[in-house]
1. Which residue, of Ser434, Ser405, Ser375, is within 30 Å of Asn743 (Cα to Cα), among the polar types (S, T, N, Q) and open to solvent by less than 30 Å² (accessible area, probe 1.4 Å)?
2. Name the single residue, out of those in the stretch 129-178 being part of a loop (DSSP other than H, G, I, E, B) and at pLDDT below 95, that is least open to solvent (accessible area, probe 1.4 Å).
3. Looking only at the stretch 453-462, which residues are free of Cβ contacts under 8 Å to residues at least 60 places away in the same chain and either in contact with a Leu (Cβ under 8 Å, 6 or more places away or on another chain) or within 13 Å of ligand 1 (Cβ to nearest atom) (or both)?
4. When you look at Asp376, is it part of a helix (DSSP H, G or I) and more than 16 Å from ligand 2 (Cβ to nearest atom), yes or no?
5. How many residues does the stretch 547-562 contain that are surrounded by fewer than 20 Cβ atoms within 10 Å (Cβ to Cβ) and within 15 Å of ligand 1 (Cβ to nearest atom)?
6. Looking at Val492, Val482, Val510, which one is closer than 30 Å to Arg290 by Cα, within 16 Å of ligand 2 (Cβ to nearest atom), touching a residue at least 12 places away in the same chain (Cβ under 8 Å) and aliphatic (A, V, I, L, M)?
7. So which residues in the stretch 496-528 are more than 24 Å from Gln384 (Cβ to Cβ) and touching a Lys or Arg at 6+ places or on another chain (Cβ under 9 Å)?
8. Quick one: in the stretch 411-431, of everything that is polar (S, T, N, Q) and either buried (at least 18 other Cβ atoms within 10 Å of the Cβ) or part of a loop (DSSP other than H, G, I, E, B) (or both), which residue is nearest to ligand 2 (Cβ to nearest atom)?
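The values are calculated or read from the model by the stated rules, or taken from the named source; none is laboratory data. The model shown is predicted, which means the values in this text are computed figures rather than measured ones. When we count neighbours, we look across all protein chains shown, and the Cβ atoms used for this are built from the backbone with ideal geometry, even at glycine. Calculation scope for accessible area: heavy atoms of the full protein, side chains included, ligands and nucleic acids excluded. Shrake-Rupley method; radii C 1.70, N 1.55, O 1.52, S 1.80 Å.
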Amino acid sequence: MALTHSLGFPRIGRRRELKFALESFWAGDSGEAELQAVARGVRRYNWQAQQQLDLVPAGDFSLYDQVLDTAVRLGVLPQRFEADEPRLTRYFRQARGRAPGGEDVPALEMTKWFNTNYHYLVPELEADQGFCLDIHDQLAQIREAKALGHAVKPVLLGPVTFLYLAKQRQGQDGRLALLPALLAAYRQWLAALAAEGIDWVQLDEPILVQDLGADWQGAVEAAYGELSREPVRILLASYFGTLGNNLALATGLPVAGLHIDAVAGKAQLAVVDGAWPKDKVLSVGIVNGRNVWRTDLNAAIELLAPLAQRRGDNLWVAPSCSLLHSPVDLDQEDQLDDELKSWLAFAVQKVEEVRLIAKALNEGKGAIQEALAASDAAALARRQSGRIHNPAVAERLASITGEHSRRQRPFAERIKIQRQALRLPAYPTTTIGSFPQTPAIRGLRRDWRAGRLAEADYRTAIAREIEAVVREQEALGLDLLVHGEAERNDMVEYFGELLAGFAFTRFGWVQSYGSRCVKPPIIFGDVSRAQPLTVEWTAFAQGLTDKPVKGMLTGPVTILGWSFPRDDLDLPSIARQIALALRDEVADLEAAGIKVIQIDEPAFRELLPLKLADQGPYFDWAVEAFRLSAAGVADGTQIHTHMCYSEFNAIIDAIAALDADVITIETSRSANELLEVFRHYNYPNEIGPGVYDIHSPRIPSVDEMAALIERAQAYIPAERLWVNPDCGLKTRRWEEVRPALSNMVAAAKQLREGGCAR
Ligand code: GLN
Ligand code: ZN
């Protein structure tokens, strides 16, 4: 009999209860008891939602982040957090840099969890880091689940991934030397679980889907050789891809079970099945744990039937990865139409799919007849739906040639025409697009959406905001203006709502970090543009001033990356569809007299595949999509792009290949790293290294901003430098923005006096 389990469940709550409880606790409006009560409620709900499974996960819950929890349980505490204060205060201080009562200290660094949009806190290890196990909180969760009558399988972050994700002080990387001590702590951990009566323990080692050097592979081998000596059965979980060239390593480990991602790693399913002993458990993640589409039950059953035959009890059925990356419950969506809803499954529904697949494998398809018929009908309807397939889009896609993604002249010639047309001074100043989204602006959009504010009144109010922002910029003396994005809620949602092929949920939240959630739109069909998206407000702004106004678009890779993509079309094709819609928008902006158009790609690096071998092909299509959106313009029209980070080392060739006339980037927090890149790489086009860190309320001085540009001049010729903030200003207040931009303009003037002609 095939068994069922899950690797983890969303912990933010069906209605984001945990988010609100956390924020209320942080604000000092409620106490620890209330927070813990909400947390218990979420766990109880989660276990109930999974009770049909043979094993439910326990210990996967976290108040903030599972990597931080692991560090805390191992007794890893960077010195700056050592203070005599309550446990929970110290915990949140590490996560957020602040907690009720006490001084602020820099929080742990936060970074992306593999190729997802979840962010974890990076553990900091000393050169001689010791470990001291304290898992009472996890044991409490396990007992809680058992008391509720559940069969539990504790979930732990594996030791090698933990070590791999941790960091040490610069130039001191001796993480692998810590492995023996770490393994001793993990052995103690497993022994404690065994003493608790636990049989199976899930150890997550997602690094197994990445390229690993011999040293890290050796660490995996050593770790599981040791840990398998404890009296529990280990399910080693890999996910987010194939095992790649860690296949022999993983299948040679002396663990009792292996989980593989048969969605992202489908290509390797047969090989793993062949290599993994039949008398050991193979857990196959067949239900996509990180997208929103309903599983085609029939296809899943067909795929697994031969494995079930051969493996019997030793086949486990599961979601591909933790359901942490999926919204909670589709049943709440009362504003999605029935057809679209019938194509989707969130975490609760995915658990049910797992149960159904296993039931059919064990008892025959007849045992789930009704569910199977519904699944077949949904799959068929989706394949044939006129809402999904737009022949005009397919035709246009087919007619695309290389010409479409090439500007007419090379940059060196274009830039001369653009300079003639724009007549900007040296070190031109600009901003990244948004200006403060005041409570008044948010209120306007909210009232208008709720029908409390008439369309005409809303538009008058937005026009007034745009005019105010244009006047502010003129008064500040900025050179290239923007309209301020007052009409935009979110840089992807705004476009998705106006394009065909996108749907929006009400409660489809996914945790991004801590209490922060995102609600990605769902790309369900061919993307097309029925009407202009941004032309009216941009042209309106341009009509108010003699200075050039920059049009502002979100790029195709970012729109794709921050959405749930359809699973019936490859990512490059979806990106190309979005790019074509944007290309039309770019053309309309140009026709409306807009001379500069910025196409933001903050997610460009986020989609980077985990394995090196997949990165080249990714860059090819991502770069092509960007260029497709941009390259339709005349050479005199200037294309900008923007990215919010500066870890450019791995991607600088691709950045250059975008061939944007100007790129603005994050620099102020990491000037050194960035300049290091440009020391070795001769970036050909114009560039605006952000001189004002908009993530901080601090107002940078004239001199410090000028100094940053002066340093940049050592590597990038002065005539190709722009002066701008790091990112959009929407989260800042005018009281901060005004003096900061005023200093920024003064810094540019100071540089000009230093002498440089364009
Ligand atoms: N144009 C957007 C803004 O200014 C860019 C946001 C971003 O880079 N994330 O808000
Ligand atoms: Zn940005």
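1. Working: Ser405 fails: within 30 Å of Asn743 (Cα to Cα); Ser375 fails: within 30 Å of Asn743 (Cα to Cα).
Going through Ser434, Ser405, Ser375 in turn, the sole match is Ser434.
2. Pass one, the stretch 129-178, residues part of a loop (DSSP other than H, G, I, E, B): 129-135, 148-151, 158, 166, 169-174.
In the following step, the residues that additionally are at pLDDT below 95 were identified as 169-174.
Details: Arg169: 146, Gln170: 182, Gly171: 92, Gln172: 78, Asp173: 102, Gly174: 27 Å².
Once the filter is applied, the top-ranked residue is Gly174.
3. Within the stretch 453-462, Leu453, Tyr458, Ala461 meet the criteria.
4. On the way: part of a helix (DSSP H, G or I): yes; more than 16 Å from ligand 2 (Cβ to nearest atom): yes.
In short, yes.
5. In the first step, residues of the stretch 547-562 are kept if they are surrounded by fewer than 20 Cβ atoms within 10 Å (Cβ to Cβ); the result is 547.
Filter once more, so that each one left must be within 15 Å of ligand 1 (Cβ to nearest atom): none.
Number satisfying all stated conditions: 0.
6. Values: Val482 fails: closer than 30 Å to Arg290 by Cα; Val510 fails: within 16 Å of ligand 2 (Cβ to nearest atom).
Of Val492, Val482, Val510, the one residue that is closer than 30 Å to Arg290 by Cα, within 16 Å of ligand 2 (Cβ to nearest atom), touching a residue at least 12 places away in the same chain (Cβ under 8 Å) and aliphatic (A, V, I, L, M) is Val492.
7. Across the stretch 496-528, the qualifying residues are Leu498, Arg506, Phe507, Gly508, Trp509, Val510, Gln511, Gly514, Ser515, Arg516, Cys517, Lys519.
8. Here is the first cut: in the stretch 411-431, the ones polar (S, T, N, Q) are 418, 420, 429-431.
Adding the requirement that they be either buried (at least 18 other Cβ atoms within 10 Å of the Cβ) or part of a loop (DSSP other than H, G, I, E, B) (or both) leaves 418, 429-431.
Values: Gln418: 23, Thr429: 17, Thr430: 13, Thr431: 11 Å.
Here the residue is Thr431.
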